[in-house]
Amino acid sequence: MPKISTKGIQMPESPIRKLVPFAENAEKKGKNVYYLNIGQPDIKTPQVALDAIKGITLETLAYSRSEGSESYRTKIAEYYGRNNISVNHDDIIVTTGGSEALLFAFGSIMDKDDEIIIPEPFYANYNGFSTSSGIKVVPVISKIEDNFALPAIEEFEKLITSKTKAILICNPGNPTGYLYSKEEIQKLAEIVKKHDLFLIADEVYREFVYDGISHFSILEEPTLSEHAIVIDSVSKRYSMCGARIGYLVSKNREVISTALKFAQARLSPPTLAQIASEAALDTPQTYFEEVIDEYVSRRNLLIEELQKIPDVKVAKPNGAFYCIAELPVKNSDDFARWLLEEFDFENNTVMVAPAAGFYSTEGVGKNQIRIAYVLKEESLRTAVKVLAEALKVYKD
Ligand SMILES: Cc1ncc(COP(=O)(O)O)c(C=O)c1O
């Protein structure tokens with residue numbers, strides 16, 4: 001039989017999707033499963049975006065320009081302008097989701113075996129994108145005890161080698177919900193300038209920040225213009241995960257012209273979804289105010305209820321819609337499976353994401369789970385109750 005590639009064998013499985021068959025089985029058995037594991041918001045897509053593609057009268061659904069339509073990129077630049085970020089449409093490449101923007105960024109700045117330093121826990125697919133790009137993730141651990149703040153700069157410096165090309169942060173973070181401060185970004189700016197590295201910031205959750213704290217983008221730091229690459233997306237911002245639109249933004253001309261070659265090779269980002277995404281930029285501010293109020297209420301409820309469970313430790317997130325909880329279990333992979341296969345409380349169970357997949361350091365995070373607060377408050381309350389009841393009876 002012909003052989004598949006070593007890279008293919010090394011591609012990590014999604015730490016979340018592997019539990020799906022167990023959830024499906026639980027549902028077949030008649031259990032009610034609360035999904036705390038996914039990043040698909042239950043929030044409605046803005047009406048302006050849906051309306052834009054409703055009565056469309058195109059005769060041909062053609063390719064768009066590889067870098068995305070000029071009118072869309074111009075409107076994105078205006079959006080950034082309203083958010084203290086000065087870029088123009090030439091600094092933006094529209095991609096098929098933030099996922100493709102990450103692949104283009106990796107492809108544009110790193111060669112095989114190059115290294116990228118990422119504070120962990122991190123978005124699990126960074127492992128997959130790194131494997132498919134042939135590069136090595138070098139993790140620097142951030143701790144639940146510190147609320148997942150940026151590790152000390154010395155910790156980064158210890159890890160820098162001649163192969164290091166970039167530092168990647170996710171701000172605010174998936175899975176931690178941690179929001180980096182301006183001071184933390186400035187510390188990173190110093191280190192990337194000192195060692196001549198790129199700083200990639202995945203800012204797909206930039207609108208979701210709470211408690212009156214503002215988001216500080218790496219693009220707001222003027223000294224970073226040649227170093228900064230931002231990854232962005234409409235998926236979560238407008239609850240448009242299925243549109244598959246994201247973008248890569250950089251003031252570095254070489255990065256943009258290189259990423260454009262990757263963009264040309266795959267021809268075009270989705271044309272129809274660009275029309276919806278362009279219209280989404282006219283979403284009234286009240287939409288975000290309502291969504292943010294909703295997430296804040298959910299977060300408060302979730303954290304309060306989790307803190308009531310004996311021996312559960314939780315970091316308080318200031319952004320995104322995830323949190324990491326440490327549980328009194330040895331292996332959260334086994335626990336997550338057991339919840340679906342063997343447990344129910346009043347016919348309810350929960351699906352959680354075991355956190356080990358969000359670390360690349362072997363053995364770390366085994367007693368942690370990631371919870372996405374993408375359920376309505378009432379469901380969230382029931383889900384945490386189920387978790388609390390489960391922990392009373394679970395035996396490792
Ligand atoms: C941190 C982070 N980055 C990037 C992505 C990719 O999103 P998309 O490709 O849908 O834009 C996600 C999706 O969950 C994410 O959580």
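Miscellaneous remarks
- Residue count for region 93-116 satisfying the condition of being farther than 13 Å from Lys261 by Cα, surrounded by fewer than 23 Cβ atoms within 10 Å (Cβ to Cβ), more than 8 Å from the ligand (Cβ to nearest atom) and not basic (Lys, Arg): 5.
- Residue list for region 1-42, filter: part of a helix (DSSP H, G or I) and touching a residue at least 40 places away in the same chain (Cβ under 8 Å): Lys7, Gln10, Leu19, Phe22, Ala23, Asn25, Ala26
- Single residue of region 211-247 satisfying the filter (hydroxyl-bearing (Ser, Thr, Tyr) and more than 15 Å from the ligand (Cβ to nearest atom)) that is farthest from Val48 (Cα to Cα): Thr223
- Subset of region 349-377 that is of a type in the set (Gly, Ala, Ser) and in a loop (DSSP other than H, G, I, E, B) - its residue that is surrounded by the most Cβ atoms within 10 Å (Cβ to Cβ): Gly365
- Near pairs, Cβ below 6 angstrom, 6+ apart or cross-chain, from region 105-131 (touching a residue at least 60 places away in the same chain (Cβ under 8 Å)) to any residue that is surrounded by 23 or more Cβ atoms within 10 Å (Cβ to Cβ) and of a type in the set (Val, Ile, Thr): Ala105/Ile200; Ala105/Ile229; Ser108/Val255
- Any hit, region 43-63, residues being surrounded by fewer than 21 Cβ atoms within 10 Å (Cβ to Cβ), under 30 Å from Phe156 (Cα atoms), under 25 Å from the mean Cα position of the chain (by Cα) and at pLDDT below 95: no
- Looking across region 180-206 at every residue that is within 13 Å of the ligand (Cβ to nearest atom) and in a loop (DSSP other than H, G, I, E, B), the one that is surrounded by the most Cβ atoms within 10 Å (Cβ to Cβ) is identified as Val204.
- Given (1) assigned to a loop (DSSP other than H, G, I, E, B); (2) under 23 Å from Tyr322 (Cα atoms), number of the condition Ile292 does not satisfy: (1)
The values are calculated or read from the model by the stated rules, or taken from the named source; none is laboratory data. In this text, all values refer to a predicted model and were calculated from it rather than measured experimentally. Cβ atoms come from the backbone with ideal geometry, glycine included; neighbour counts cover every protein chain shown.
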